[in-house]
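Take a look at the structure set out below.
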Amino acid sequence: MSNDLFERVDAYIDGLFAPSDAMLDGAVARSRAAEMPEIQISAGQGKLLYLLAKLIGARRILELGTLAGYSTIWLARALPPGGRVVTMEFSAAHAEVARQNFAAAGLVDRIEVIVGAALESLPGLVARREPLFDMVFIDADKNNYPAYLDLVVPLTRPGGLILADNVIRGGKVLVAGSMDAQVAGAAAFNSKLAADARLEAIVLQQVGVKGHDGLAVGRVR
Ligand SMILES: C[S@@+](CC[C@H](N)C(=O)[O-])C[C@H]1O[C@@H](n2cnc3c(N)ncnc32)[C@H](O)[C@@H]1O
């Protein structure tokens with residue numbers, strides 16, 4: 001089967017189950033106008049995050065890697081009244097566009113953007129001693145994925161979900177000792193996730209408009 005077929009089937013699924021709307025289109029348009037990289041999750045992936053959040057009744061979600069807030073909007077939409085997404089973004093420029101998108105979407109009351117390197121921001125979040133998160137979505141720099149896992153497990157409630165995007169990287173994680181820091185980080189993350197007795201997990205292999213990759217899904221015991 002060709003990549004073209006996978007992409008067309010992905011577009012077919014998205015058209016049926018995750019059709020775009022003014023809010024999401026506006027977010028992508030503002031991201032393009034700001035000449036940001038188009039590396040956000042696909043619409044179908046957004047719908048999957050949304051459904052997973054609803055399935056576990058998530059009220060508090062932590063995201064690492066905001067970009068222009070496309071995935072954040074999907075997550076925020078899954079929340080009940082009073083719910084909250086805390087999203088961390090290294091780039092102040094990306095965070096500014098994301099804030100514009102949240103304002104346009106009418107979601108500012110339920111989204112907090114924390115600007116800075118997530119590894120440096122996470123200890124501050126721990127120090128706030130807020131209630132645990134129901135769900136964490138890791139989608140920032142892949143080289144730090146193993147460190148992120150260590151930091152977010154204690155922040156997630158039992159029965160909560162820890163998700164991580166881009167953990168297959170076109171199959172490059174099969175190459176042991178890769179010199180690519182992103183690939184090595186994803187492979188180390190997968191091994192760590194599989195071996196972590198605090199979690200039960202799987203990786204969903206995905207093909208389609210985002211190429212060949214994978215989403216890790218872990219549940220805190
Ligand atoms: C793949 S994009 C996130 C896409 C977004 N989750 C979406 O689907 O709409 C990764 C983002 O992580 C940010 N990032 C990279 N390194 C980071 C770090 N150390 N801490 C926080 N964010 C980081 C990048 O600036 C970029 O905006």
Going toward the positive end of the dipole of the chain, with +1 on Lys and Arg Cβ and -1 on Asp and Glu Cβ, which of SER20, ALA197, ALA216 do you reach last? ALA197
State to the nearest 20 debye the size of the charge dipole of the chain about its Cα centre, where the only charges are +1 on K and R beta carbons and -1 on D and E beta carbons. 700 debye
In terms of modelled amide H atoms, which long-range or inter-chain residues lie less than 5 Å from the amide H of ILE114? THR87, MET88, GLU89
Please report, as a whole percent, how much of the solvent-accessible surface of the chain comes from carbon and sulfur atoms (probe radius 1.4 Å). 59 percent
Please list the non-local residues whose amide H lies under 5 Å from the amide H of LEU199, H modeled 1.01 Å from N, same-chain partners needing a gap of 5 or more. ARG221
List the lysines whose Cα lies under 17 Å from the Cα of LYS47, skipping any in the same chain that are fewer than 8 positions away. LYS210
To the nearest Å², the heavy-atom accessible area per residue of the chain with 1.4 Å probe amounts to 47 Å²
Per GNM of the chain with C-alpha springs under 10 angstrom, the most fluctuating residue out of ALA43, ALA105, ALA58 is ALA105
Of segment 48-68, those with amide N under 17 Å from the point 7 Å along the Cα→Cβ vector of GLU200 are 56
Selected from LEU48, TYR148, GLY106, residue furthest toward positive end of dipole (segment 20-179; charges at beta carbon): LEU48
So, with points 7 Å from each Cα along the Cβ direction, the SER20-ALA176 label distance in nm works out to 4.4 nm
Counting only residues 5 or more places away or on other chains, whose amide H sits under 5 Å from the amide H of LEU204 once H atoms are built in the peptide plane? LEU215, ALA216, VAL217
Taking Cα atoms only, Rg over Rh for the chain with Rh from the Kirkwood formula is 0.94
Could you tell me what fraction of 2.2 N^0.38 Å the Cα radius of gyration of segment 40-154 comes to, as a two-decimal ratio? 0.97
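The values are calculated or read from the model by the stated rules, or taken from the named source; none is laboratory data. Treat the numbers as computed from the prediction; the structure is a model and nothing was measured. So basically every Cβ, Gly included, is an ideal-geometry build from the backbone, and we count neighbours across all protein chains shown. Areas reflect the complete protein model, heavy atoms only, side chains present, ligands, DNA and RNA absent. Shrake-Rupley method; radii C 1.70, N 1.55, O 1.52, S 1.80 Å.
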